[in-house]
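To keep things clear, I will list the structure first and then write my remarks on it.
The values are calculated or read from the model by the stated rules, or taken from the named source; none is laboratory data. Since this is a predicted model, take the numbers as computed values, not measurements. In this analysis, Cβ positions are derived from the backbone assuming ideal geometry, glycine residues included, and neighbour counts consider all displayed protein chains.
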Amino acid sequence: MKLNGTEICKVLDELIGNTQAQGETTADDKAFDRMKVLEQVTDWCLDGFNYECGNANKSEWSMARSGKEAIKYLKETKEWIEGVLHEAERRTNE
């Protein structure tokens, strides 16, 4: 049985758990450890996109389609990350 994207995200949420600090040291230490797991999962996902980018110039249409989609997604994600970082820096400098 294959899971769709939404179902996989729900499973990851259950497996990883809460990653947000709450202001209590013991709970925050656990959340930090879970955030490090989230980093590993994110790196794994990004590696998959990175690998697929190499197909963007393939002569086979289906391979090129996947490679171009990976590049498009990474560009969109880059813009989102830049916006998140800009907002975080703005709040930090207030």
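For (1) at pLDDT 95 or above; (2) farther than 27 Å from Glu14 by Cβ; (3) among the hydroxyl-bearing types (Ser, Thr, Tyr), each residue gets a yes or a no:
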site	(1), (2), (3)
Val41	yes, no, no
Ser59	yes, yes, yes
Glu69	yes, yes, no
Glu79	yes, yes, no
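Can you list the helices (runs of 4 or more DSSP H) lying wholly within the chain that have 2 or more residues being touching a Ser or Thr at 6+ places or on another chain (Cβ under 6 Å) and without any contact (Cβ under 8 Å) to a residue 60 or more places away in the chain?
Per the criteria, 25-53.
Spot the failing condition for Gly5; the list is (1) within 16 Å of Thr77 (Cβ to Cβ); (2) in contact with a helix residue (DSSP H, G or I) (Cβ under 9 Å, 6 or more places away or on another chain); (3) surrounded by fewer than 11 Cβ atoms within 10 Å (Cβ to Cβ); (4) not aromatic (Phe, Trp, Tyr), and only one is missed.
(2)
Within segment 68-88, does at least one residue satisfy the condition of being over 15 Å from the mean Cα position of the chain (by Cα) and surrounded by 12 or more Cβ atoms within 10 Å (Cβ to Cβ)?
For segment 68-88, residues over 15 Å from the mean Cα position of the chain (by Cα) and surrounded by 12 or more Cβ atoms within 10 Å (Cβ to Cβ): present.
If the requirement is being of a type outside the set (D, E, K, R) and touching a Phe, Trp or Tyr at 6+ places or on another chain (Cβ under 6 Å), which of these qualifies: Ala70, Ala21, Ala64?
It is Ala70.
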